[in-house]
Amino acid sequence: MDNENKPSAAARRQFIADTARMACGVGLLGLGVGLYAGHARALPPAAIRPPGALPEKDFSAACIRCGMCVRDCPFNILHLARPEEPLSTGTPYFVARQLPCEMCEDIPCVKACPTGALDHSLKDINKSKMGLAVLVDHETCLNFLGLRCDICYRVCPVIDKAITLDPQSNARTGKHTLFIPVVHSEHCTGCGKCEKACPTEVASIKVLPLYMAKGQLSSHYRLGWVEKEKAGGSLVAPDAEHRYNMPEGMKYESGKGLSPSAPADAPPGAAPGSSSGLPRAFQGGKL
Amino acid sequence: MSAIAKTALTRPGAEAIAAKGWLAAHKWLLLRRSSQFGILLLFLIGPWFGIWIVKGNLNFSYTLNFLPLTDPYVILQSLLARQMPEKLALTGAAIVLTFYLLVGGRSYCSWVCPVNLLTDLAYWLRVRLGLKGSAHISRPTRYWMLGMTLVVGVATGSIAWEMVNPVSMMHRGLIFGLGLAWAVLLAVFLFDLFVMRHGWCGHLCPVGAFYSLVGRVAVVRIKLPARAACNDCMDCFAVCPEPQVIRPALKAVAGTPALILEANCTNCGRCIDVCSKDVFAFGTRFNTSVLPATGIAQAAPK
């Protein structure tokens with residue numbers, strides 16, 4: 001019995017030791033790969049995914065790194081990430097400041113994708129959300145300084161929708177107008193043409209990933225004016241005409257302020273004490 | 001025998017060259033190199049010369065805008081990361097799977113994979129430089145590696161292994177730009193040269209492990225119709241990247257048929273080349289007929 005068991009026990013010990021050794025070694029390697037993969041999902045802000053790219057978490061599971069989108073991009077703006085770059089090796093991206101997306105109407109990069117990592121349901125390039133342009137630096141934007149640069153506004157493929165110029169008074173000169181570029185997220189595709197064209201040394205307007213560029217209202221927020229419009233009327237109580245507690249004989253007009261009311265029997269500027277032309281306190285010469 | 005075995009270790013195949021001539025003793029090696037470089041060239045003439053026969057890389061390629069070919073291993077990882085690929089990628093994976101079920105899963109390793117060129121070079125140098133000794137880990141480690149890549153894929157919900165996979169890194173790098181991938185490839189080369197004999201392809205690579213599973217029931221296999229003629233020169237063991245697959249079939253261990261059914265045989269055919277006695281030949285897994293020791297000239301029935 002002992003003679004039979006001893007070698008098999010040794011063999012069993014050896015087997016367990018070998019298995020543990022292998023599992024630990026390979027497990028360590030796997031831990032490294034997993035951590036590395038986790039880090040790479042924090043897409044660097046300058047790297048923009050092609051149109052129709054799934055959210056980064058899904059994209060890293062759906063993109064098989066084949067480069068078909070890179071091949072079918074007629075303007076050669078897409079790269080496959082190299083191992084030393086801080087995003088998933090082999091996945092496609094472009095850098096807007098180098099070459100922005102030209103927004104082809106037939107979207108060949110999406111059509112080329114064999115897995116759907118670039119979502120095939122995207123048919124209208126104007127609906128794509130590669131990122132969102134943000135005027136990041138108000139101190140260097142030439143329009144903010146009072147010049148008529150307007151380049152980002154002019155080059156925008158969705159002109160007058162994605163970027164509008166909002167006139168504001170120039171407090172510095174006191175007599176000029178600032179034309180402030182305003183980006184509207186519902187129309188901006190994130191193509192990056194504005195960033196590419198921005199003439200300041202470092203772009204003052206930049207395309208950022210949506211997760212970084214976009215805020216979100218809390219879900220319980222309701223905008224009164226929107227709700228009112230939806231309901232076709234006030235939601236709280238029937239709108240009551242606002243009654244001002246006015247000094248006697250005065251009236252209030254929006255934009256004009258207080259002025260003496262002008263009753264038919266007493267024109268404004270009538271003799272003091274005669275009537276209600278003045279506040280009651282002044283009437284009769286007594287306080 | 002020890003004298004023969006010694007020459008086998010330094011210059012395997014010398015006997016076969018003497019018996020069959022240089023060309024016949026390198027037939028499958030030359031065909032294999034043509035296949036490896038040819039496939040690489042097909043991918044490269046697009047970006048180099050603008051002749052687009054094949055687009056993409058080994059993970060997914062589209063030939064003449066007609067034939068999709070997808071690496072089933074990368075599709076498996078995508079599925080495990082809970083993403084359903086579109087039909088085109090799935091079709092490509094089905095075609096590739098069917099192909100390797102026919103020709104042997106690890107034929108991918110020896111006839112297609114670009115890393116094989118690197119590790120073969122490392123092994124050739126290792127023999128030429130007379131480098132002895134090798135770190136030891138067991139060959140099934142690759143299945144642990146395969147399991148690890150799949151588990152990490154599930155855990156992170158991403159195709160995590162593709163971030164560091166030297167196989168796709170090399171192929172993609174050659175076509176789309178290497179970047180620092182050369183350092184990874186150099187590491188694989190040096191590992192095979194100085195640290196472990198047949199280290200990457202023979203012990204660790206999870207891609208090869210995956211394809212070996214595909215090859216478990218593959219049709220094309222190496223048969224040994226003339227195993228009785230073996231003169232124990234050891235040349236086949238010296239050149240085989242997976243020498244453990246030869247012995248059972250060659251020595252009829254436990255009644256093994258004269259067929260290499262072991263899934264890790266890469267169907268490289270180098271054993272056929274270096275055998276001066278023509279013991280080996282390509283056949284199918286259904287072909288178990290053994291020629292008598294004297295009947296080598298007679299062709300094996302199909």
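The values are calculated or read from the model by the stated rules, or taken from the named source; none is laboratory data. Please read all numbers here as calculations on a predicted model, not as lab measurements. Glycine gets a Cβ as well: all are built from the backbone with ideal geometry, and neighbour counts include every protein chain shown.
Evaluating A:Val236 against the criteria (1) more than 26 Å from A:Glu56 (Cα to Cα); (2) assigned to a strand (DSSP E or B) leaves one unmet condition, (2). Each residue in the stretch B:94-136 was checked for being assigned to a helix (DSSP H, G or I) and either at positive phi or not β-branched (Val, Ile, Thr) (or both), and 22 of them qualify. Against the definition (of a type in the set (A, V, I, L, M), over 23 Å from the mean Cα position of the chain (by Cα), facing chain B (nearest Cβ under 10 Å) and closer than 18 Å to A:Val207 by Cβ), how does A:Ala81 come out, yes or no? Judged against the criteria, A:Ala81 is a match. Of the residues that sit in the stretch A:69-78 and are more than 8 Å from chain B (Cβ to nearest Cβ) and touching a strand residue (DSSP E or B) at 6+ places or on another chain (Cβ under 6 Å), which one is nearest to A:Ala112 (Cα to Cα)? Residue satisfying both the conditions and the ranking: A:Cys69. Just one residue in the set B:Asp120, B:Asp71 is assigned by TED's automatic domain parsing to the domain that holds B:Ala181, farther than 21 Å from A:Leu118 by Cβ, at pLDDT 90 or above and of a type outside the set (Val, Ile, Thr); that residue is B:Asp120. Selection over the stretch B:65-92 of residues that are farther than 18 Å from A:Ala53 by Cα, free of Cβ contacts under 8 Å to residues at least 12 places away in the same chain and of a type in the set (S, T, N, Q) gives a count of 1.
Has the stretch B:95-106 got at least one residue that is within 30 Å of A:Pro74 (Cα to Cα), out of contact with any Gly (no Cβ under 9 Å at 6 or more places or on another chain) and among the polar types (S, T, N, Q)? If you could, list the steps in order and put the result at the bottom.
Here is the first cut: in the stretch B:95-106, the ones within 30 Å of A:Pro74 (Cα to Cα) are B:95-96.
Among the residues that remain, those that are also out of contact with any Gly (no Cβ under 9 Å at 6 or more places or on another chain) are: B:95-96.
When the remaining residues are screened for being among the polar types (S, T, N, Q), the result is none.
No, that holds for no residue.
In the set (1) touching a residue at least 24 places away in the same chain (Cβ under 8 Å); (2) within 21 Å of B:Ala209 (Cβ to Cβ), the condition left unmet by B:Ile95 is number (2). With the requirement that a residue be buried (at least 18 other Cβ atoms within 10 Å of the Cβ), more than 14 Å from every other protein chain (Cβ to nearest Cβ) and small (Gly, Ala, Ser), what does the stretch B:13-63 give you? Those that are buried (at least 18 other Cβ atoms within 10 Å of the Cβ), more than 14 Å from every other protein chain (Cβ to nearest Cβ) and small (Gly, Ala, Ser): B:Gly13, B:Ala16, B:Ala25.
Has the stretch A:106-129 got at least one residue that is of a type in the set (A, V, I, L, M) and more than 14 Å from every other protein chain (Cβ to nearest Cβ)? Step through it out loud before you land on a result.
Start the filter on the stretch A:106-129 by keeping residues that are of a type in the set (A, V, I, L, M), which leaves A:107, A:110, A:112, A:117-118, A:122, A:125.
Checking which are more than 14 Å from every other protein chain (Cβ to nearest Cβ) leaves us with A:107, A:125.
Yes, some residue in the stretch A:106-129 is of a type in the set (A, V, I, L, M) and more than 14 Å from every other protein chain (Cβ to nearest Cβ).
Of the numbered criteria (1) buried (at least 19 other Cβ atoms within 10 Å of the Cβ); (2) more than 8 Å from every other protein chain (Cβ to nearest Cβ); (3) farther than 16 Å from B:Ala160 by Cα; (4) in contact with a Leu (Cβ under 7 Å, 6 or more places away or on another chain), the one A:Pro100 fails is (4).
Quick one: would you say B:Ser168 is small (Gly, Ala, Ser) and within 7 Å of chain A (Cβ to nearest Cβ)?
Against the criterion (small (Gly, Ala, Ser) and within 7 Å of chain A (Cβ to nearest Cβ)), B:Ser168 qualifies.
With respect to being in contact (Cβ under 8 Å) with a residue 24 or more places away in the chain and within 14 Å of chain A (Cβ to nearest Cβ), B:Thr156 fits the description.
Suppose we filter B:Gly105, B:Gly130 for residues that are away from chain A (no Cβ under 14 Å) and crowded, with 23+ Cβ neighbours inside 10 Å; which single one remains? Result: B:Gly105 is the single residue among B:Gly105, B:Gly130 that is away from chain A (no Cβ under 14 Å) and crowded, with 23+ Cβ neighbours inside 10 Å. Restricting the stretch A:173-198 to residues that are in contact with a strand residue (DSSP E or B) (Cβ under 9 Å, 6 or more places away or on another chain) and surrounded by fewer than 15 Cβ atoms within 10 Å (Cβ to Cβ) leaves a set whose member that is modelled with the lowest pLDDT is A:Lys175. Taking the stretch B:205-235 as the range and being crowded, with 24+ Cβ neighbours inside 10 Å, assigned to a helix (DSSP H, G or I) and either among the hydrophobic types (A, V, I, L, M, F, W, C) or at positive phi (or both) as the test, the residues that pass are B:Val207, B:Ala209, B:Phe210. Scanning the stretch A:52-87 for residues that are in contact with a Phe, Trp or Tyr (Cβ under 8 Å, 6 or more places away or on another chain), of a type in the set (Gly, Ala, Ser) and farther than 16 Å from A:Lys111 by Cα gives a single hit, A:Ala81. The residues listed here are A:Arg82, A:Arg172; of these, the one that is in the same structural domain as A:Leu208 (by TED's automatic domain parsing) and of a type outside the set (S, T, N, Q) is A:Arg172. Cβ-Cβ under 6 Å, sequence separation 6+ or interchain: first residue in the stretch A:55-67 and more than 7 Å from chain B (Cβ to nearest Cβ), partner surrounded by fewer than 20 Cβ atoms within 10 Å (Cβ to Cβ) and at pLDDT below 90. Which pairs? So the pair list comes out as A:Glu56/A:Arg41. Need the failing condition index for B:Gln244 against (1) crowded, with 19+ Cβ neighbours inside 10 Å; (2) at pLDDT 85 or above, just the number. Failed condition: (1).
For the stretch B:56-74, a residue qualifies if it is part of a helix (DSSP H, G or I) and either among the acidic types (Asp, Glu) or touching a Ser or Thr at 6+ places or on another chain (Cβ under 8 Å) (or both), and exactly one does: B:Val74.
Please go through the stretch B:86-115 and give me each residue that is under 15 Å from A:Thr115 (Cβ atoms) and among the hydrophobic types (A, V, I, L, M, F, W, C), ordered by number. Quick ask: steps written out before the conclusion?
First, pick out the residues of the stretch B:86-115 that are under 15 Å from A:Thr115 (Cβ atoms): B:86-94, B:96.
Residues satisfying the conditions are B:Leu88, B:Ala89, B:Leu90, B:Ala93, B:Ala94, B:Val96.
Being out of contact with any Leu (no Cβ under 9 Å at 6 or more places or on another chain), more than 7 Å from chain B (Cβ to nearest Cβ) and surrounded by fewer than 21 Cβ atoms within 10 Å (Cβ to Cβ) is a description that does not apply to A:Gly38.
No other residue among B:Leu178, B:Leu174, B:Leu150, B:Leu146 is under 17 Å from B:Leu58 (Cα atoms) and part of a helix (DSSP H, G or I) apart from B:Leu174. In this structure, B:Ile51 does not satisfy being within 18 Å of A:Leu118 (Cβ to Cβ) and β-branched (Val, Ile, Thr).
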